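Beneath this line is the structure, given in structure tokens, with notes to follow.
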Amino acid sequence: MPKIFIAGLFHETHTFLDSGTTLADFEIRCGEELLPCQGDSSPMGGALEKFDEWGWDVVPGPDYRAVPSGTVDDAVVEKFWSTFLESWDDTVDAVFLVLHGAMVTESILDVEGDILRRLRSLTKTPIIGVYDLHANFSQAMADGADGLIAYRENPHSDARDASVHAAELLRYSLSSGMRPEIVYKSTGLLWAPTAVGTADDPMRSLESRARDLEAQHDFVKAVNVNAGFAFADTPDTGVSFSIVTTSATDATPLLGELVELAHSLNSESAIELSAAEAMDVLRSNPVDGLTVLTEPSDNIGAGAPGDVTGLLRAMIENKLESAAVCICDPAAVIQLSTIEPGGPIKLEIGGKGSRFDEGPLSLEAELLSRSDGHFELEDKRSHLASMSGDRFEMGPCAVVRCGGITILLTTERTPPFDLGQWRSQGIDPADLKYIVVKAAVAHRQGYAPITAREIAVDTPGPCSSDLSQFDFRHCKSSVT
């Protein structure tokens, strides 16, 4: 049976954030610690389950994962690589990698490309893996691997499926002796995260055409539509395509067709109202059921701090009832850690993580409850599962109420992609009239079934859909 070395390096890096990302911010598993992931909802769990099903011998290496955040310390990559080499077995038949594709450090603008270059110098065995749809794919990634499979859905309901697809590609390569290769082409386009949901154009049409090409050509093993991650300033940032193929000569012309299609499609983001305009809509046009107020500028899933106060201020000023918002504020949680539930307490909430925000919001609130912040994902195919598997740790939490607004305060930034986040705290979003979701697209997998109306709100924050506010220096793509 084949012997497979498996490792993971997963981080989406927002290079315009003020704060960086250190080794302490990563969840790290090494060697045998990696094996309990088998069967969980993460891409790593999917690959390990297939290898076990096939009776393959697995050599586990390092697995480094962190929630999207600022530029990563160089030391993280060097530590990852040193651990990789300590775990390395040069008798393996192949390597399987779980990557993101948009990781940046202080001095490495294309981390995945750099790691694949190092790995290719270490072994000539097949290198197959899975990566995120938001990757800023590079020529170095194409050159360094035999086959990389991207997620096809945004929200990432298929992250585990994509990993299984990659595992099956590896099985095909080893059983047939056929080494696939990757051809790649950039579009030169840069699209904001709010424009790349796969339920809508341009991504819907691009993904549909990609599936057509896979069905039409035997030499095509996978067509990847790489939406890119616009908040990373690198030479490879932007929309691109890669094809895993057994014939680069035949596959290369298909890239040109896909690039032409991308340029022909409308890539405008959804309309975002100002906070004042959104409040006017709520007053003048009430609806039955839950209204989701998205705050893309504070998109935690893209690296934002999760403590921007723009929408919360508007909600308080307009005295909304039956409303909720989650704010990441470790200092406030600590302040509440010795307070008994009940009486009022003055808090300075949020506004600490972004220079774009107005700053902390002073309010008087009532403490309702505290918890350890652990929750089980209700939807094992949610976008959050692609990051964390079956569980997530928000760190110590506190729930407070200010007028008709319930505020969940967390210690750790928690991408709002799974309703278990709220229900673990005794709050059912389906019972509310309004809820703030600090996300762009990825929340829809969880929230759509209970949402009567969604309104995108433009507030000051580090993940604004207006890309002109960012000072791109390395990016070669055109902002659209």
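The values are calculated or read from the model by the stated rules, or taken from the named source; none is laboratory data. Since we're looking at a predicted model, the values are computed, not measured. Positions of Cβ are backbone-derived with ideal geometry, glycine not excepted, and every protein chain shown enters the neighbour counts.
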### Summary
The residue from Asp250, Asp212 that alone is in a helix (DSSP H, G or I), assigned by TED's automatic domain parsing to the domain that holds Thr13, surrounded by fewer than 17 Cβ atoms within 10 Å (Cβ to Cβ) and touching a Phe, Trp or Tyr at 6+ places or on another chain (Cβ under 9 Å) is Asp250
## Note on the structure
When every residue in segment 443-480 that is among the hydrophobic types (A, V, I, L, M, F, W, C) and at pLDDT below 95 is compared, the one farthest from Ala195 (Cα to Cα) is Phe470
### Query
Looking at Leu109, Leu116, which is the one that is part of a loop (DSSP other than H, G, I, E, B) and not small (Gly, Ala, Ser)?
Leu109
### Query
at pLDDT 95 or above, in a helix (DSSP H, G or I), surrounded by fewer than 22 Cβ atoms within 10 Å (Cβ to Cβ) and among the small types (Gly, Ala, Ser): does that describe Ser163?
no
### Query
Only one of (1) under 22 Å from the mean Cα position of the chain (by Cα); (2) surrounded by fewer than 24 Cβ atoms within 10 Å (Cβ to Cβ); (3) within 23 Å of Leu273 (Cβ to Cβ); (4) touching a residue at least 12 places away in the same chain (Cβ under 8 Å) fails for Ala452. Which number is that?
(1)
### Message
Quick test for you: out of Ala275, Ala270, Ala262, pick the one residue that is small (Gly, Ala, Ser) and modelled with pLDDT under 95.
### Response
Ala270
### Query
Restricting attention to segment 78-109, which residues are farther than 24 Å from Glu33 by Cα and buried (at least 24 other Cβ atoms within 10 Å of the Cβ)?
Ala102, Val104
### Task
Return yes when Ala251 is closer than 30 Å to Gly20 by Cα and small (Gly, Ala, Ser) and no when it is not.
no
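Using the structure shown, decide if Thr309 is modelled with pLDDT of 95 or more, of a type in the set (S, T, N, Q) and in contact with a Phe, Trp or Tyr (Cβ under 7 Å, 6 or more places away or on another chain). I'd like the intermediate steps shown before the answer.
Working: modelled with pLDDT of 95 or more: yes; of a type in the set (S, T, N, Q): yes; in contact with a Phe, Trp or Tyr (Cβ under 7 Å, 6 or more places away or on another chain): no.
No, not satisfied.
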### Message
Condition first: touching a residue at least 40 places away in the same chain (Cβ under 8 Å) and either surrounded by 13 or more Cβ atoms within 10 Å (Cβ to Cβ) or not assigned by TED's automatic domain parsing to the domain that holds Arg370 (or both). Now tell me which residues in segment 335-344 satisfy that.
### Response
Leu336
### Task
Tally the residues that are hydroxyl-bearing (Ser, Thr, Tyr) and either without any contact (Cβ under 8 Å) to a residue 12 or more places away in the chain or buried (at least 20 other Cβ atoms within 10 Å of the Cβ) (or both), restricting the search to segment 345-371.
1
## Note on the structure
Per the filter on segment 279-313, residues under 22 Å from Leu363 (Cα atoms) and outside any loop (DSSP other than H, G, I, E, B) are Met279, Leu293, Asp298, Gly310, Leu311, Leu312, Arg313
### Members of segment 348-372 that are assigned to a strand (DSSP E or B), within 27 Å of the chain's Cα centre (by Cα) and more than 23 Å from Lys319 (Cβ to Cβ)
Ser371
### Message
Anything in segment 48-85 that is among the small types (Gly, Ala, Ser) and under 19 Å from the mean Cα position of the chain (by Cα)? List them, or say none.
### Response
Ala66, Ser69, Gly70
## Note on the structure
Subset of segment 15-59, residues outside any loop (DSSP other than H, G, I, E, B), among the acidic types (Asp, Glu) and either farther than 20 Å from Val76 by Cα or not assigned by TED's automatic domain parsing to the domain that holds Ala162 (or both), comes to Glu32, Glu49, Asp52, Glu53, Asp57
### Query
Which of the residues belonging to segment 176-185 are surrounded by fewer than 23 Cβ atoms within 10 Å (Cβ to Cβ) and closer than 20 Å to Leu133 by Cβ?
Val183, Tyr184, Lys185
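For every residue, the table says whether it meets (1) within 22 Å of the chain's Cα centre (by Cα); (2) over 17 Å from Ala262 (Cα atoms); (3) β-branched (Val, Ile, Thr).
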| position | (1), (2), (3) |
| --- | --- |
| Gly144 | no, yes, no |
| His156 | yes, yes, no |
| Val164 | yes, yes, yes |
| Glu181 | no, yes, no |
| Pro193 | yes, no, no |
